[in-house]
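Participant: One structure coming up, written as structure tokens, with questions to follow.
The values are calculated or read from the model by the stated rules, or taken from the named source; none is laboratory data. Values in this document were obtained by computation on a predicted structure and should not be read as measured data. Cβ atoms come from the backbone with ideal geometry, glycine included; neighbour counts cover every protein chain shown. The protein model used for the area step is the full one, side chains on, heavy atoms only, and it has no ligands, DNA or RNA in it. Shrake-Rupley method; radii C 1.70, N 1.55, O 1.52, S 1.80 Å.
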Amino acid sequence: MQVINTVADSDVAVKVTSLSKRFPNGTLALDNVSLEVPRGQVLALIGLSGSGKSTLLRTLNGLHAPTGGKVVVQGTDVSTANGKSLRKLRHHIGFVFQQFGLVGRATCMENVLVGSLGSLRGPRLGVRSYPVALRRKALEQLERVGLSEQAFQRADTLSGGQMQRVAIARSLMQEPSVLLADEPVASLDPESANQVLDLILRIAREDGMTVICTLHQVELALGWSDRIVGLRAGQVVLDQMNAQLSQDQVMEVYRATGTPMQFETESALQSA
Amino acid sequence: MSPSATRERLSPPITATQVQLFIFTVACVAAFVWSWIFLGMSFSGITSSFGDVSRLVKRMVPPDFSNLSNIVDATIETVWMAVMGTAGAIVLSFPLALGAARNTSPHPTIRYICRTVISLTRAVPDLVLGAVFVSALSIGPLPGVLALAIHSIGMVGKLFADAIEQAAEAPREATISVGATRRQTTRASILPQAMPSMIATALFRLEINIRASTVLGLVGAGGIGVLIQTSLRSLDYESALGAVAVIFVVVTAVELLSVRIRSAILGDAAALAQSSRHGWFSQRIIARDTRVNRKSFETRALSPPWTWDRMFSTATISGFLLALAVAVLTIDIDWARTVPLMPQIITVFGDLFPPDFTTVRSEMVTGIVESVVIAVIATGLGLLIAVPLSLLAARNIMTKRILSTVTRLVMLAFRGIPELIIAVIFVSAMGLGPVPGTLALTVVTASFSAKLFAEALEEVDAAPREAVLAVGAGKIQEFFASVVPQFMPAFTGHFLYILDVNLRSSTVLGIVGGGGIGFLLLNSMRVLEFQTTGAIVMAIFGIVLAIELIGNWVRQLLR
Ligand SMILES: Nc1ncnc2c1ncn2[C@@H]1O[C@H](COP(=O)(O)OP(=O)(O)OP(=O)(O)O)[C@@H](O)[C@H]1O
Ligand SMILES: [Mg+2]
């Protein structure tokens with residue numbers, strides 16, 4: 001396995017060292033994971049259902065606390081950060097959820113403005129409670145994802161692809177240096193999926209943003225990312241730059257391990 | 001782009017809906033402030049009132065149970081009245097609901113008539129009905145049972161009709177397409193689907209009716225209520241508390257039981273299984289159901305398998321029928337004497353017409369204004385207390401389990417005493433007048449709405465909350481950005497509902513000296529001026545109808 005650690009420390013966006021996560025119910029979701037992601041890289045995270053992809057992403061911005069090892073994002077140690085410093089760090093990490101995480105009854109504009117809460121003091125309710133400068137910025141983000149027309153439409157009136165674009169606009173509002181995306185296209189049709197991934201890629205290139213994105217479609221991952229990391233039962237089993245990879249090597253991640261996952265693996269292979 | 005155009009696009013457009021909601025909000029606040037001034041309320045006054053009440057409560061302890069056998073007899077009568085009243089309501093509501101539901105009604109005219117009858121019954125408070133029936137049938141539990149049965153149609157009939165309308169169209173079309181008659185269609189496709197919801201409604205009404213029947217005694221319609229009032233009047237405070245304690249136990253037990261049974265019947269078993277707290281038991285239930293279902297499939301059984309849900313529903317229905325049988329057989333009603341008196345009810349209702357608005361006009365206007373004012377203040381103050389309480393009680397907001405549990409217990413304790421009983425106690429402590437009535441209603445409003453709000457808060461979708469936290473928002477920011485917008489519609493809906501309930505309650509507070517139109521109402525019946533009674537009932541009816549119209553308007557704005 002090729003290890004990628006040929007970059008200087010200041011150019012490292014995310015550094016994970018011997019990370020493990022055991023949930024209170026005993027599940028070991030991450031098992032001694034080490035990973036170093038240079039600035040500006042677009043990384044696809046693949047693996048079977050339950051292999052720990054979501055857990056890894058959530059640990060990166062402190063939604064889950066690790067039970068062992070160390071997570072450093074943008075020079076901040078997430079594992080020891082708490083309260084204020086964690087909020088400050090999160091403000092610079094975008095997170096895109098599979099189910100979008102929009103407030104359905106609020107307008108798109110307000111959902112995007114939520115992305116700026118980390119830079120504001122005190123609670124906000126309604127678009128008018130945000131400073132005009134931020135509103136202008138929110139509108140720009142909506143323009144970037146092609147939804148400025150829908151700015152004052154309620155979020156729950158949008159299509160799935162549009163909702164995910166609003167969610168991306170919300171992340172962009174944070175001016176993130178790292179974007180974490182957990183299956184951002186899993187609930188979208190192929191056309192919208194392509195649109196959303198292209199959008200993320202374009203912005204990553206424009207802004208020099210680091211992207212870590214879990215994906216279920218191997219072809220998408222191959223065509224889209226710089227680097228692929230495969231997880232199996234909480235361990236890193238593949239970590240290579242995209243150019244050196246073949247589809248077969250990637251499918252290897254989904255191969256049976258003699259665990260009860262065998263059934264799922266076989267069906268995954270057949271459908272591939 | 002011109003500066004003005006930019007500014008326009010940076011603020012949401014103001015819609016007609018928002019303007020109307022704004023007007024409604026301003027009107028509510030204005031009504032509250034005006035009412036507050038009208039009654040001469042003040043916070044220091046409220047504090048000293050609660051001082052009076054706590055002094056009275058101190059004199060009530062320790063409770064005196066020497067009269068226990070009487071209390072228990074009266075309590076049993078109260079429960080049987082509620083059971084019979086609910087049964088009557090179910091029997092009467094069922095045909096009305098079939099006539100009122102869009103998908104089963106034979107004709108639009110019939111549908112309209114059924115709908116009207118259903119809302120009419122809801123508009124007349126059960127205590128008023130009780131008083132009217134007492135004057136026709138003389139005192140005893142029967143007038144109480146009839147009052148409960150008729151007043152309950154308003155809720156039971158409406159919810160039954162809703163349940164029938166919600167029964168999906170698809171199976172119905174399938175049944176029609178095989179050539180079934182209308183009645184067969186109703187039986188085969190609609191009722192089975194509406195059944196669980198209907199059973200839950202009936203149970204919920206039974207719970208409400210048990211509370212209601214504890215106070216029917218105040219107008220001579222049977223049950224335990226009169227015992228408390230007599231004890232308080234004769235300054236026998238310890239006995240009063242004894243009776244209140246028994247009511248408290250019964251009402252609380254019924255609420256806890258009814259909530260459990262309802263959630264089991266409405267199929268929350270699956271939801272329970274997901275939460276780890278109930279893991280073991282629900283796992284067993286689900287495992288058993290799966291086994292039973294598979295077996296009946298394998299053996300090609302022709303009748304549905306006895307799943308947990310089905311056993312539960314059947315047990316509930318049998319239990320209710322059994323209770324009903326015992327109630328009919330043992331309750332102290334002289335059927336042979338009273339049944340022939342039934343036609344007199346119609347005579348008494350006839351006596352209400354034509355309503356006579358002249359005799360006590362100015363008193364009537366004052367009474368009605370006072371009732372509305374009481375309801376407005378009780379609703380406003382009650383909500384001010386309920387919102388923070390509900391935040392403490394909602395387990396997804398207040399993550400310290402102990403605090404939320406304690407809050408829940410306190411709320412449950414207050415709900416255990418029916419509102420008119422609280423009013424009787426407040427009036428005894430503070431003297432006659434609208435302020436004790438208002439405060440009693442406030443306490444009840446607070447504990448009931450806190451429960452409704454806490455439930456609504458717990459239903460808030462967690463996904464946006466997590467997403468907002470992930471952008472680095474603080475806890476309070478997250479609450480306003482994701483919880484408040486999700487909670488608003490439920491809050492407004494419950495607010496309208498509570499205002500509606502309080503308006504009805506405030507019209508009867510006067511019966512125990514708590515202010516409002518109720519006193520005049522009861523008095524007109526005592527002095528046999530039934531046409532004045534008719535006028536007052538019409539006036540109450542008008543208020544209730546008005547608030548219902550306002551409610552419909554606001555609900556439609558929120559859609
Ligand atoms: N809050 C939790 N409590 C206990 N166990 C959990 C929790 N969250 C995840 N797990 C367990 O941790 C393991 C990894 O889960 P994770 O959600 O990270 O998988 P995933 O790779 O994202 O799967 P998927 O592709 O289905 O989203 C699973 O076995 C899962 O059951
Ligand atoms: Mg996942």
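Participant: Read phi for every residue in the range B:122-135 and hand back ³J(HN,Hα) as whole Hz from Karplus 6.51 cos²θ - 1.76 cosθ + 1.60, θ = phi - 60°, with x for Gly and Pro.
Facilitator: Running phi through 6.51 cos²θ - 1.76 cosθ + 1.60 with θ = phi - 60° gives 6, 6, 9, x, 5, 5, 5, 4, x, 4, 5, 5, 4, 6 Hz.
Participant: Separate question: What does the helix-only formula give at 222 nm for the protein assembly as shown: each DSSP H stretch with n ≥ 4 adding -39500 (n - 2.57), the total divided by the residues, and the result rounded to the nearest 500 deg cm²/dmol?
Facilitator: -20500 deg cm²/dmol
Participant: Further question on the same structure: For chain A, what percent of Cα pairs sit more than 32 Å apart?
Facilitator: Cα-Cα pairs in chain A separated by more than 32 Å: 24 percent.
Participant: Ordered by residue, what ³J(HN,Hα) values in Hz, to whole numbers, does the range A:128-136 give under the Karplus form 6.51 cos²θ - 1.76 cosθ + 1.60, where θ = phi - 60° and Gly and Pro are x?
Facilitator: 5, 7, 9, x, 4, 4, 5, 4, 4
Participant: Quick one: accessible area per residue over the range A:96-175, 1.4 Å probe, rounded to a whole number of Å²?
Facilitator: 37
Participant: Check the protein assembly as shown and count each lysine pair with an alpha-carbon distance under 26 angstrom, considering only pairs eight or more places apart or from different chains.
Facilitator: 26
Participant: In peptide B:484-492, how many Cβ atoms from other protein chains are near each Cβ within 10 Å, on average?
Facilitator: 3
Participant: Turning to a different aspect of this structure: Taking amide H positions as placed in the peptide plane 1.01 Å from N, state which residues far from A:Gly68 in sequence (5 or more) or on other chains have amide H under 5 Å from it.
Facilitator: A:Ser20
Participant: With contacts defined as alpha carbon pairs under 8 Å and 6 or more residues apart, what's the relative contact order of the range A:96-175 in percent?
Facilitator: It rounds to 49 percent for the range A:96-175.
Participant: Sort the following peptides by mean Cβ neighbour count (other Cβ atoms within 10 Å, averaged over residues), highest first: B:49-55, A:168-174.
Facilitator: Taking the mean over residues of other Cβ atoms within 10 Å, the ranking is A:168-174, B:49-55.
Participant: May I pose another question? Taking Cα atoms, how many degrees apart are the long axis of helix A:160-173 and the longest axis of chain A, rounded to 10 and kept between 0 and 90?
Facilitator: That helix lies at roughly 80 degrees to the long axis.
Participant: Between B:Trp34 and B:Asp162, how many nm apart are label points set 7 Å from Cα along the C-beta direction?
Facilitator: Placing both labels 7 Å beyond Cα along the Cβ direction yields 3.0 nm.
Participant: How far apart, in nm, are the 7 Å Cα→Cβ label points at B:Arg559 and A:Glu191?
Facilitator: Each label point is offset 7 Å from its Cα along the Cβ direction, giving 3.1 nm.
Participant: To continue, here is another question. May I ask you to find the residues of the range B:437-471 that are shielded by at least 20 Å² of accessible area once the whole protein assembly is considered instead of their isolated chain (probe 1.4 Å)?
Facilitator: Checking the loss per residue gives B:Ala463, B:Pro464, B:Glu466, B:Ala467, B:Val468, B:Leu469, B:Ala470, B:Val471.
Participant: Let me ask another. I'd like the mean, over residues of A:84-93, of how many other protein chain beta carbons sit within 10 Å of each residue's own Cβ.
Facilitator: 3
Participant: Shifting gears a bit: Provide a whole-number value for the mean count of partner chain Cβ atoms within 10 Å of the Cβ atoms in peptide A:116-124.
Facilitator: Partner-chain Cβ atoms within 10 Å, mean over residues of A:116-124: 5.
Participant: Can you list the HN-Hα couplings for the range B:512-527, worked out from phi with the Karplus curve (6.51, -1.76, 1.60; θ = phi - 60°), rounded to whole Hz and with x for Gly and Pro?
Facilitator: 9, x, x, x, x, 6, x, 4, 4, 4, 5, 4, 4, 6, 4, 8
Participant: Now for a separate question. What order, most packed first, do the peptides A:129-142, B:399-412, A:78-91, A:222-235 have when packing is the mean number of other Cβ atoms within 10 Å of each residue?
Facilitator: For the peptides A:129-142, B:399-412, A:78-91, A:222-235, the packing ranking is A:222-235, A:129-142, A:78-91, B:399-412.
Participant: Once Rh for the range A:96-175 is found with the Kirkwood sum over Cα pairs, what is the Stokes-Einstein diffusion coefficient at 10 °C and 1.306 mPa s, in µm²/s?
Facilitator: 131
Participant: Per 10 Å bin, what percent of the C-alpha pairs of the range B:424-482 does each bin hold, from zero upward?
Facilitator: Spelled out per bin, shortest first, that is 20, 27, 19, 16, 15, 3.
Participant: Right, another one. Over what distance in Å are the Cα centres of the range B:410-424 and the range B:305-325 separated?
Facilitator: If you average the Cα positions of each part, the centres end up 30 Å apart.
Participant: Mind checking how much accessible area A and B bury in total, 1.4 Å probe, in Å² rounded to 100?
Facilitator: 2700
Participant: Given the peptides B:474-481, B:366-373, arrange them by the average over their residues of other C-beta atoms within 10 Å, most packed first.
Facilitator: In decreasing order of mean packing, B:474-481, B:366-373 become B:366-373, B:474-481.
Participant: Related question: So what's the gap between the Cα centers of the range B:230-244 and the range A:134-165, to the nearest angstrom?
Facilitator: 65
Participant: In Å², and per residue, what accessible area does chain B have when probed at 1.4 Å with the other protein chains present?
Facilitator: Here the residues of chain B average 48 Å² of exposed surface.
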